[in-house]
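Okay, structure first, notes after.
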Amino acid sequence: MPRRQSLSVEVADDIKKKILRGTLKPGAQIRTEAELCKEYEVSRTVVREAISRLRSDGMLIARQGLGVFVSNSHNSRRFEVDWDSIRTLPDTISLLELRLAIEVESAGLCALRRSQADAKNIRQWMDKANRQFKSLQRTKLHYDFDFHLAIAKGTKNPHLYDLLLFLRPIIVPRIRLGALVSEEAKDKYEQTIQAEHEAVVASIEAGNERAARENMRTHLLNSLERLRSLAASYGVKGSKKHADSVERALRSFVQGLSSDDVPASD
């Protein structure tokens, strides 16, 4: 059963729907804090958090001594993630933990087995992924997924590639990077991701199995922590509790799949 979102998010979501449907029109004063507490049967803290969220989104404005009003413009001052995407964050986090087990092993096997053509293909997909990093509002969270698929293909183990390909519709959510990264941090984020990509590719090109595993693990763990931070900011809890045991079990499974003696090719 999916976890419920936080009460403040539920209240904010409901008020936002009323604004978008026209029930609360531009310039209209919303109910008082006490009235909202009674309406939603929540504490003042919950109401204040909900109002603060909508104010930061540009949907509400406060007028000192008068109250809180619906903004004349419904355009948010920052990019929004729809609540349906936010509700799927626990699943997205769990799937990224699954990717840790699959792709850390894949990177190591790819370093051992990849051909020259594979190495060239992986670098080309990395460059393409790096070029896809455009505006935070348009770029999806897992915009580099084809790059990861190219690495799985380089393992010469069709099970690894097919499994990742099968999971693609589930792994790649609608969440945009704007939910994770502010405009001020965009350049630093882009540099960080590209450095992580380059470290993975360089170790695969060098045939360094251990480094490939470690660099892929670092890349995915960093992504996982960014997702957990996003989930926490919206009051949604991920599944960090069982991450280590899940990863160990799945790594064992993947290693079993990849245990065939597949020679490297040039």
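Here, each number is a calculation from the coordinates, and none is a lab measurement. Everything numeric in this text was worked out from a predicted model, so none of it was measured. Because the Cβ atoms are built from the backbone with ideal geometry, glycine has one as well, and the counts that use them run over all protein chains shown.
What does the net charge come to around N72 if you take all other residues with beta carbon closer than 13 Å to its beta carbon, with K and R at +1 and D and E at -1?
Details: positive: K25, R63; negative: none.
Value of the local net charge: +2.
In Å and from the alpha-carbon atoms only, list the Rg and Dmax of the stretch 7-70.
Looking at the stretch 7-70, its Cα Rg and Dmax stand at 10.6, 28 Å.
Rank the residues M126, M216, M59 as a footprinting-exposure proxy: fewest other Cβ atoms within 10 Å of their Cβ go first.
Values: M126 21, M216 27, M59 24.
Listing M126, M216, M59 from fewest to most nearby Cβ atoms yields M126, M59, M216.
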